[in-house]
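Data first, discussion second: the structure below is written as C-alpha cells.
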Amino acid sequence: MFTIDKQDAPRHQRYALLLETLPAFLETDVPQVTLLANVSALLNVYLDTINWVGFYMLDAGRLTLGPFQGQPACTTIAIGHGVCGTAAQRLETVIVNDVDRFPGHIACDANSRSEIVIPLIKNGVLLGVIDVDSPVLDRFSLDEVVLLEKVAGMLVDFL
Ligand code: SME
C-alpha cells in the first residue's frame, strides 16, 4: 500500500521523496500505459497546487493524450501547437507563468493559470511530454524544472 499526506511535508522534502519513491514504480514488465498511469498518480500526490498532470505521447506524428490526473483534456496536439507542442518541437522544457500570455495556449481546464511541459527524450528521440497545470500564476520555477527533468530522465529508460 502507498500512502502519503502531501500536506505534511514542505515542498523540497516532498520533491526529494518523489525521487526516492519513483524507482519503485518504474517496472519493466508492465505495459507503457500502466507505467505512465502510476507515474501520473505519483506526480499528483507529490506536486502541490496543481490541477492537472499527465502525459501526451507521440503517436503518428502528433501528441496524443496519455494517462493523467485531472479534468478530461484534449486528445491530440500537433507538434508546434500549444505549450505541449512547443516543448515537443523545441525538445526543451517550457514554463508558462501566465497561460493567458502564451499565444496559442490550448485551454483544457479553465482553472489553469500556469503550466510546465517537459519533453520525454530517449537517445535524442522525442517520445512525448509531461504536462503539469496549476490554478496559480507563476507556480513553476527552476525547482520544478530540475525535479521534472530528473523524473523524465528516469522514466524514459523504461519506455
Ligand atoms: N495547455 C496545454 C494543453 C493540454 S492541457 O493543459 C491538459 C497546451 O497548451 O499544450
If you rank E27, E20 by how much accessible surface each has, with a 1.4 Å probe, what is the order from largest down? E20, E27
Quick one: length gained pulling D29 to T76 fully straight, 0.36 nm per residue minus the C-alpha distance? 14.2 nm
With a 1.4 Å probe and all protein chains left in place, how much accessible area per residue does the stretch 72-159 have, in Å²? 46 Å²
Heavy atoms only, probe 1.4 angstrom, no DNA, RNA or ligands counted: give me V99, V136 ranked by accessible area, highest first. V136, V99
Let me check against my output: what whole-number percent is the relative contact order of the chain, with C-alpha pairs under 8 Å and at least 6 apart? 21 percent
Among 144-151, 70-77, 125-132, how do they line up by average Cβ neighbours within 10 Å per residue, starting with the highest? 125-132, 144-151, 70-77
Furthest towards positive pole of dipole, G104, G153, P135, structure part the stretch 96-159, Cβ charges: G153
Protein accessible area in the stretch 3-159, 1.4 Å probe - carbon and sulfur %: 51 percent
Taking the Cα centre of the chain as origin, work out the dipole magnitude from +1 charges on Lys and Arg Cβ and -1 charges on Asp and Glu Cβ, in debye rounded to 20. 240 debye
Mean Cα-pair separation over length for the stretch 1-94, i.e. relative contact order, pairs under 8 Å, 6 or more apart, %: 18 percent
How would H12, H105 rank on accessible area, largest to smallest, probe 1.4 Å? H12, H105
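The values are calculated or read from the model by the stated rules, or taken from the named source; none is laboratory data. Keep in mind that this is a model prediction, so the values were computed, not measured. Using ideal geometry, Cβ is built from the backbone for each residue, glycine included, and neighbour counts are taken over all protein chains shown. The protein model used for the area step is the full one, side chains on, heavy atoms only, and it has no ligands, DNA or RNA in it. Shrake-Rupley method; radii C 1.70, N 1.55, O 1.52, S 1.80 Å.
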